[in-house]
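Peer 1: Okay, handing you the structure first.
The values are calculated or read from the model by the stated rules, or taken from the named source; none is laboratory data. The structure displayed is predicted, hence computed values, not measured ones. When we count neighbours, we look across all protein chains shown, and the Cβ atoms used for this are built from the backbone with ideal geometry, even at glycine. Remember, those area values only see protein heavy atoms, side chains included, never the ligands or the DNA or RNA. Shrake-Rupley method; radii C 1.70, N 1.55, O 1.52, S 1.80 Å.
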Amino acid sequence: MVEIKNYNDFLQVHSMLLAATGLPQPLYPQLFRKLSSETFDAGEFFQIEPSEDGRQRKLIQTSDFMPKNSNVFLVDHAWTFRLSDAPKQLEEVPGLVERMASLMCVDADCHADGGDGNEDLDNKNGKMTAEEILEIEICRAKESGNDGVQWLELEEFDIDDAKLLALDLPTKCPVVLALLPLYLSNLVALSLLGNKIEKLETVLEEISKLKNLRALWLNDNHVLKNCASNMEEAVLQAFPKLEIFNSHFTCNYGEWALGFCGEIYGKDNPGNDGEEQQPNITSLDLSDRCIHNLNNKALSPLKLPHLSHLNIRGNPIEENSVPELLEILKNFPSLNSLEVDIPGPLGESALEILDSLPNLFLLNGTKATKIFDMDKHVVDSVLQPRLPEWNPDDPLADRVLNAMWLYLMTYRLADEEKIDETSVCYVMDELGSALRHSDVPNFQVAPFLYMRDGNLSSAVSFSILWPTQDVEKGDECTRDFLLGIGEDKQRSARLSAWFHTPKNYFIKGYEKYHQKLQSKRFTPPSMGSLKPSSLLCNQNPLQVYTDIPHVQEFLTRPEFAITCEPKEADILWTSMQVDEETKKAVGIRDDQYINQFPHEACLVMKHHLAETMQEAHGTPEWLQPTYDLESHLTELIGDYYVREREGLDNLWILKPWNMARTIDTTITSNLSAIIRLMETGPKICQKYIEHPSLFRGKKFDLRYIVLVRSINPLDIFLANVFWVRLSNNAYSLDERSLYEYETHFTVMNYRGVLNHLQTQEFVKEFEQEHQVKWLDIHQRIRNMIRSVFEAAVAVHPEMHSPKSRAIYGVDVMLDSSFCPKLLEVTYCPDCSRACTYDMEPVFGEGAEVKGRDFFNNVFGCLFLNETTNVTPL
């Protein structure tokens, strides 16, 4: 331990930390001075400014020219926490939730758009009714000499079916409404967005006489869900000139719809005067208009001779072939900028699109020359940031928990003996959090632990900030959110945590991957027929070396004897993974038996387990959709977007590759969280079982013990007793409950309160509670477990070893339909409960299974070919 008294002490204690930050060595002395004096002087050089309409902040340099690597600044950590503690800290630490809400720009109830000059018509102030708005618009039309009202917006007035019909009743507003047919007969656009209309018949009955209607918006009304299947067809029959319906183009789209998207037609110029204005359009945004066919006489070089920019993102355009679309676009003489999904209607390659459209200067906001230089097939424009979303009645703490994934950073503590099992999360102060992302940043940030007393217990965490480029006054200060992470580590996909990346690209990737899995057909492996024989050939006991206390205590059969010397053992039963180096170091011989199979990682490491099952079975119903985030992030994001599009639940559970006891495990529906959690170590992301079978209203899972005598032929057994593991709290899908360990997790041996339940008692009560037969469920579980090990043998025949015998823990959960779901397979499972509790078998009239005999039975099965208290699978 070295107490830091001078610069040399500082270097001695922090040399490894300094090297890890990447801070240039010439800045080390300046950093030491600022740490020693706690100098936070960044405010003299930078200023925080609002951006994105106040929903984000940015950092601007206010000082004069700052050369590269010329200065280093301390950034404080405003919030440091473990993930599981976040809700509690926000509730209990005074002022924390208010500060975080302000820092993350989620402290306002709404972020209103700028005024449009018609604030007097804004119904949100609660001062005007739909009837009053209607009267004002009719009066304005009369005063201006227009041929009636041509554009009418009755948005968010809580108009239901009865109120919509009442708008046309003479008793409601007799003077004005008597003139309604005259003054609304030439209506071009009607918006009823954000109301409470339920029935399509009401809409058609009320406005069916408006034959000149070109645009109708019913977005955010219940009627969309109630009549989704036949709505558009019925509306088009009623309004034959309609070109835009609910923000989408209809099959009738033409000059008016294009003029609206080209910002020529609108409330001030409804476009009903017969004057052709399309030639004035230079930029046309047709994104997300549900366009199926681009071959339209209104969308032609003759009508749009000056069109230079076209955005067709988010449209299927499936009725046109790629060559047909390219030919349409090629004919626009002035078109030099195009935005389109890649992959999408123009194919899967940006390079091929540019080859076909040589006049393009920009593709998705990127210069064509740059795309050719980078040789990039998929390219996107400047990505729009993900901004926090919330409802006005959401508590501040919930807003922060949702938004924090856009801001938090992590590190993991370690000393000479061990590394922390979970990461430390932190949020930089207001200045540090205002640094936005750039692929070409001008600053770099790194966490730093200052150990003023020379040890970890005295450490104070900061971030350090320094310029990596020359920075001018007025420049925005940026950092790379994914510093050092390239495309080999899925950089573009990982940016989806902070930005709206092209959904179509990820959906295509997911669909291709999913189709491949669905095409899998399991072929059982060919097996030998010679099963292993008993090891006991004479009266001498088999020597067993073990480092597992329960085996040392409870293996009491005379056929076996415990030895303290591995070299003398016939059987090695260890909790450690034994590789070739370990064998050489310990002197393990090839003729010794060992409690692990070669390549068993294909079962006991979560990412390999999923990979093995998918390779063999594709998408079996007993395996939840599972993705290794280190290799299949694109497919996971695509799956997430498909589920979002189809209105399916989107709750996922993230598990480390090789951790037990639910350590570092997180449940979330936040896509940014899923991606950011990759930073805390390699993980799988698995679809959460949102609707499990419950017992007494609580979640549970089942631990089975599988005994493997041989891989080829596959000779496996199931212990006759299994164990129920119960959560302690009633099950809930409330978002805040996702942080509660004792609600969503069942392993209570190491934290929480363990409530042991006799298996037979559980089965009897479960059958009564759910009116099911456990025997049927048990058979489905047996079949699943057999399928799991068959898959491992089929995909990894190299697992076979005549000198291997092993037991595995198989964890199973039941969904609400009582179908088993595989959770994980565990090497050398914790058998504390198996050795502690005497259990009655669930099936048959067999004698009570004594806990003290558990390992006697295991060793008897594996090495003496007995079947006491086990059943062949």
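Peer 1: Within region 405-414, identify whether any single residue is among the charged types (D, E, K, R), within 30 Å of R736 (Cβ to Cβ) and in a loop (DSSP other than H, G, I, E, B), and answer yes or no.
Peer 2: So in region 405-414, the residues among the charged types (D, E, K, R) come out as 412.
Those still in the list that are within 30 Å of R736 (Cβ to Cβ) too: 412.
This time we only want the ones that are in a loop (DSSP other than H, G, I, E, B), so: 412.
For region 405-414, residues among the charged types (D, E, K, R), within 30 Å of R736 (Cβ to Cβ) and in a loop (DSSP other than H, G, I, E, B): present.
Peer 1: Consider R289 carefully, then state whether it is in contact with a Cys (Cβ under 9 Å, 6 or more places away or on another chain), assigned by the TED database to the domain that holds L362, in a loop (DSSP other than H, G, I, E, B) and charged (D, E, K, R).
Peer 2: Spelling it out, R289 is indeed in contact with a Cys (Cβ under 9 Å, 6 or more places away or on another chain), assigned by the TED database to the domain that holds L362, in a loop (DSSP other than H, G, I, E, B) and charged (D, E, K, R).
Peer 1: Only one of (1) out of contact with any Phe, Trp or Tyr (no Cβ under 7 Å at 6 or more places or on another chain); (2) buried (at least 21 other Cβ atoms within 10 Å of the Cβ); (3) under 30 Å from L633 (Cβ atoms) is not met by S737, so which one is it?
Peer 2: With respect to (1) out of contact with any Phe, Trp or Tyr (no Cβ under 7 Å at 6 or more places or on another chain); (2) buried (at least 21 other Cβ atoms within 10 Å of the Cβ); (3) under 30 Å from L633 (Cβ atoms), S737 is out only on (2).
Peer 1: Against the definition (surrounded by 19 or more Cβ atoms within 10 Å (Cβ to Cβ) and either closer than 27 Å to E848 by Cα or at pLDDT below 95 (or both)), how does V753 come out, yes or no?
Peer 2: no
Peer 1: What tally of residues in region 660-695 results from selecting those that are under 22 Å from Y426 (Cβ atoms) and of a type in the set (A, V, I, L, M)?
Peer 2: Of the residues in region 660-695, 8 are under 22 Å from Y426 (Cβ atoms) and of a type in the set (A, V, I, L, M).
Peer 1: Still on this structure, please answer the following. Go through the residues of region 445-462 one by one and say whether even a single one is over 29 Å from A660 (Cβ atoms), open to solvent by 50 Å² or more (accessible area, probe 1.4 Å), touching a strand residue (DSSP E or B) at 6+ places or on another chain (Cβ under 7 Å) and of a type in the set (D, E).
Peer 2: Checking region 445-462: not a single residue is over 29 Å from A660 (Cβ atoms), open to solvent by 50 Å² or more (accessible area, probe 1.4 Å), touching a strand residue (DSSP E or B) at 6+ places or on another chain (Cβ under 7 Å) and of a type in the set (D, E).
Peer 1: Does P358 meet the test of being surrounded by 18 or more Cβ atoms within 10 Å (Cβ to Cβ), modelled with pLDDT of 85 or more and not in a helix (DSSP H, G or I)?
Peer 2: no
Peer 1: Just one of (1) closer than 30 Å to P358 by Cα; (2) open to solvent by 10 Å² or more (accessible area, probe 1.4 Å) trips up E276, so point out which.
Peer 2: Single failed check for E276: (1).
Listed here are the residues, each with its yes/no results for (1) open to solvent by 30 Å² or more (accessible area, probe 1.4 Å); (2) under 30 Å from R491 (Cα atoms); (3) touching a His at 6+ places or on another chain (Cβ under 7 Å).
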| site | (1), (2), (3) |
| --- | --- |
| D639 | no, yes, no |
| E646 | yes, yes, no |
| I663 | no, yes, no |
| S672 | no, yes, no |
| T680 | no, yes, no |
| I689 | no, yes, no |
| P692 | no, no, no |
| F695 | no, no, no |
| L707 | no, no, no |
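Peer 1: Restricting attention to region 777-792, and to residues there that are in contact (Cβ under 8 Å) with a residue 40 or more places away in the chain and either acidic (D, E) or open to solvent by 10 Å² or more (accessible area, probe 1.4 Å) (or both), which single residue is farthest from K821 (Cα to Cα)?
Peer 2: E790
Peer 1: Another question about this same structure. What number of residues within region 699-719 satisfy the criterion of being part of a strand (DSSP E or B), touching an Asp or Glu at 6+ places or on another chain (Cβ under 8 Å) and of a type in the set (A, V, I, L, M)?
Peer 2: Count: 2.
Peer 1: Here are the criteria: (1) assigned to a helix (DSSP H, G or I); (2) closer than 25 Å to R852 by Cα; (3) open to solvent by less than 40 Å² (accessible area, probe 1.4 Å). Tell me which single one R725 does not satisfy.
Peer 2: Evaluating R725 over (1) assigned to a helix (DSSP H, G or I); (2) closer than 25 Å to R852 by Cα; (3) open to solvent by less than 40 Å² (accessible area, probe 1.4 Å) leaves (1) as the failure.
Residues are listed down the side, and each one gets a yes or a no for (1) of a type in the set (G, A, S); (2) assigned by the TED database to the domain that holds S461; (3) part of a helix (DSSP H, G or I):
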{"residue": "M16", "(1), (2), (3)": "no, yes, yes"}
{"residue": "A20", "(1), (2), (3)": "yes, yes, yes"}
{"residue": "F32", "(1), (2), (3)": "no, yes, yes"}
{"residue": "T39", "(1), (2), (3)": "no, yes, no"}
{"residue": "G43", "(1), (2), (3)": "yes, yes, yes"}
{"residue": "K58", "(1), (2), (3)": "no, yes, no"}
{"residue": "S70", "(1), (2), (3)": "yes, yes, no"}
{"residue": "A86", "(1), (2), (3)": "yes, no, yes"}
{"residue": "R99", "(1), (2), (3)": "no, no, yes"}
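Peer 1: If I go through region 233-268 residue by residue, how many of them are among the basic types (K, R) and either open to solvent by less than 30 Å² (accessible area, probe 1.4 Å) or part of a strand (DSSP E or B) (or both)?
Peer 2: Of the residues in region 233-268, 0 are among the basic types (K, R) and either open to solvent by less than 30 Å² (accessible area, probe 1.4 Å) or part of a strand (DSSP E or B) (or both).
Peer 1: Condition check: in contact (Cβ under 8 Å) with a residue 24 or more places away in the chain, open to solvent by 50 Å² or more (accessible area, probe 1.4 Å) and farther than 30 Å from Y627 by Cα. Does S529 satisfy that?
Peer 2: So S529 fits the description; yes.
Peer 1: Could you grab the pairs with beta carbons closer than 8 Å, sequence gap of 6+ or different chains, first residue in region 17-43 and closer than 19 Å to D453 by Cα and at pLDDT 95 or above, second one in a loop (DSSP other than H, G, I, E, B) and hydroxyl-bearing (S, T, Y)?
Peer 2: Close Cβ pairs (under 8 Å, with a partner that is in a loop (DSSP other than H, G, I, E, B) and hydroxyl-bearing (S, T, Y)) amount to R33/T39.
Peer 1: Of everything in region 315-351, what is of a type in the set (G, A, S) and surrounded by 22 or more Cβ atoms within 10 Å (Cβ to Cβ)? Give them in sequence order.
Peer 2: Selection gives A350 alone.
Peer 1: Next up: I'd like the full set of residues that are open to solvent by 40 Å² or more (accessible area, probe 1.4 Å), out of contact with any Pro (no Cβ under 9 Å at 6 or more places or on another chain) and assigned to a loop (DSSP other than H, G, I, E, B), limited to region 583-619.
Peer 2: Those that are open to solvent by 40 Å² or more (accessible area, probe 1.4 Å), out of contact with any Pro (no Cβ under 9 Å at 6 or more places or on another chain) and assigned to a loop (DSSP other than H, G, I, E, B): R589, D590, D591, P598, H599, M605.
Peer 1: Can you run down the residue pairs with Cβ atoms below 7 Å, 6 or more apart or on separate chains, where the first is in region 312-328 and without any contact (Cβ under 8 Å) to a residue 40 or more places away in the chain and the partner is assigned to a loop (DSSP other than H, G, I, E, B) and of a type in the set (F, W, Y)?
Peer 2: Filtered contacts from region 312-328: no entries.
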